[in-house]
Amino acid sequence: MKFPARILIAYIVNIAALYIIGTYVPMIAVTQDPRGLALLGVLFTLLNFIIKPILKLVLSPFIVLTLGLALIAVNALLLFVLDILSEGITIQSTFAYLIGALVVGVINVIAHILFHKK
């Protein structure tokens, strides 16, 4: 899959994931405004494409030692950064960060399975 298509799919999946965690995860509030949600999706996609690989590289020993469970912490850290950078999302507790990161991770895995071409 070409890079622009990959970015577009990641953007759409991130918007859906943010909407889902804002709707179903307690203590996480995400704007329901379409423009605000689109902006949040752009910011989250940029964080995933720029910061996430760096975090995965730096934390790779912990990821290996925990058999991948540290990836939830990486996603939680990205949600934390998104919460700091944007007023469109408010997360009120550490538990909410972890549950939100787990939901976002599961949605991204499902999207990867559905859209990944061999």
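Annotations for the structure displayed:
- Per residue, the convex hull spanned by the Cα atoms of the chain measures out at 107 cubic angstrom.
- Calculated on the alpha-carbon coordinates, the convex hull of the stretch 64-118 measures out at 105 cubic angstrom per residue.
- Computed over the chain: relative contact order in percent, which uses C-alpha pairs under 8 Å that are six or more apart: 33 percent
- Within the chain, the selection of entire DSSP H helices by a Cα span of 30 Å or greater along the long axis and an average Kyte-Doolittle value of at least 0.5 returns 3-24, 34-58, 94-115.
Every read-out reported here was derived from the displayed coordinates using simple, explicitly stated rules and does not represent laboratory data. These numbers were taken from a predicted model, which means no experiment stands behind them.
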